[in-house]
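Colleague: Can you keep this structure in mind? I'll have questions shortly.
Every read-out reported here was derived from the displayed coordinates using simple, explicitly stated rules and does not represent laboratory data. Keep in mind that what you see is a predicted model, and the values were worked out from it rather than measured. No Cβ is skipped: glycine too gets one built from the backbone with ideal geometry, and neighbour counts run over all protein chains shown.
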């Protein structure tokens with residue numbers, strides 16, 4: 001979570017400065033692409049603020065109203081971030097581009113815009129570099145595909161996607177302004193604004209689906225499930241593990257429901273002691289220290305196999321006749 005905070009803070013400071021400079025440039029040049037970039041940076045700035053709110057609220061301890069804690073708050077606010085990126089960033093950029101195509105207006109000197117875009121590329125590259133470095137520390141030896149599939153903290157992935165889309169958008173804006181400068185046709189400026197909006201909408205849709213899945217409740221990654229099962233099966237009081245269900249209550253909070261068949265020779269008191277021991281063992285196997293796990297151990301029995309149904313009269317008659 002600390003790596004996520006660093007990445008979010010770096011993105012917040014960079015986007016706030018860029019939103020101001022891009023806004024001034026858009027006002028001076030009248031460029032639709034620069035206005036789209038202004039919308040983009042404003043959306044990103046607001047998004048980082050929302051991510052900070054989500055991380056702070058998710059860290060609150062459980063209470064009577066929310067006995068499982070507030071860990072899923074970060075998923076809600078990350079979903080709101082996706083919606084802001086879709087509306088404030090993407091939809092406004094597309095609308096501005098269409099407006100520019102329908103009412104081109106007179107061209108304006110674009111030298112100031114190119115200078116702002118060059119500075120923005122530097123700022124966004126630094127922010128993306130910080131986010132990628134944090135991502136590498138968190139993912140460890142796992143591939144990027146494995147990390148994305150197993151990750152349950154959306155903040156760092158959100159920052160990386162936002163910064164990547166920001167760099168792509170900057171190059172689209174620069175390309176649109178360059179074509180406008182060379183050809184003298186303002187339509188390229190509007191087209192660049194629409195392209196930027198489509199990029200932001202695409203990123204917003206990806207983030208929305210990912211956070212929707214997290215809000216519904218995702219299970220622990222496969223390696224965590226394997227560690228839990230192995231730790232439970234190794235306990236001397238356990239005959240076999242009958243079932244395991246998990247759900248993330250937040251990036252660092254996990255609900256674990258373990259159903260086991262205890263050995264028949266155990267007394268009721270020994271089963272109680274074994275259940276408490278399993279709760280501690282499973283919580284330790286589930287993840288690194290500092291994570292909050294709620295472990296529920298359910299005693300169960302192996303279901304008996306149903307007796308074979310006797311053959312009906314027709315089957316018995318056919319068997320007798322075939323002799």
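Colleague: Which of 41, 219, 93 moves most in a GNM of the chain, Cα contacts under 10 Å?
Modeller: Highest fluctuation of the listed residues: 219.
Colleague: Mind giving me the FRET efficiency for residue 218 and residue 60? R0 is 22 Å, r the Cβ-Cβ distance, nearest 0.05 is fine.
Modeller: After rounding to 0.05, the efficiency reads 0.55.
Colleague: Same structure, new question: Please figure out what share of the DSSP beta bridges in the stretch 222-299 is antiparallel and state it in percent, rounded to the nearest 5.
Modeller: 55 percent
Colleague: Cut-off 10 angstrom, C-alpha nodes, Gaussian network model of the chain. Which of 217, 197, 300 fluctuates the most?
Modeller: 300
Colleague: Run the simple label-point estimate for residue 114 and residue 132 please: 7 Å along Cα→C-beta, distance reported in nm.
Modeller: 2.6 nm
Colleague: Between residue 272 and residue 139, what is the spin-label point distance in nm, taking each point 7 Å from the Cα along the Cα→C-beta axis?
Modeller: Result: 4.9 nm between the two label points.
Colleague: A further question on this structure: Hey, fewest Cβ within 10 Å first, where do 147, 209 land in order?
Modeller: In order of increasing Cβ crowding within 10 Å: 209, 147.
Colleague: Sort 75, 70 so that the residue with the fewest other Cβ atoms within 10 Å of its own Cβ comes first and the one with the most comes last.
Modeller: Going from sparsest to densest Cβ surroundings: 70, 75.
Colleague: Shifting gears a bit: Only Cα pairs within less than 10 Å get springs; with that Gaussian network setup on the chain, which residue of 254, 12, 216 has the largest fluctuation?
Modeller: The residue that fluctuates most here is 216.
Colleague: Further question on the same structure: Going by how many other beta carbons lie within 10 Å of each one, how would you line up 158, 38, 87, fewest first?
Modeller: Ascending Cβ contact count within 10 Å gives the list 87, 38, 158.
Colleague: Using the beta-carbon distance between residue 17 and residue 178 and R0 = 25 Å, what value does 1/(1 + (r/R0)^6) give for FRET efficiency, to the nearest 0.05?
Modeller: My answer for the efficiency is 0.55.
Colleague: May I pose another question? Take peptides 173-184, 259-270 and line them up by average Cβ neighbours within 10 Å, highest first, as a rough protection proxy.
Modeller: 173-184, 259-270
Colleague: Here's something else I'd like to know. Considering only C-alpha atoms, what is the centroid distance from the stretch 141-168 to the stretch 7-60, in Å?
Modeller: 19 Å
Colleague: Report D for the chain in µm² per second (integer): Stokes-Einstein, Kirkwood Rh on Cα pairs, 20 °C, 1.002 mPa s.
Modeller: The diffusion coefficient I find is 93 µm²/s.
Colleague: In the chain, what percentage of the DSSP-assigned beta bridges are antiparallel, given to the nearest 5?
Modeller: 55 percent
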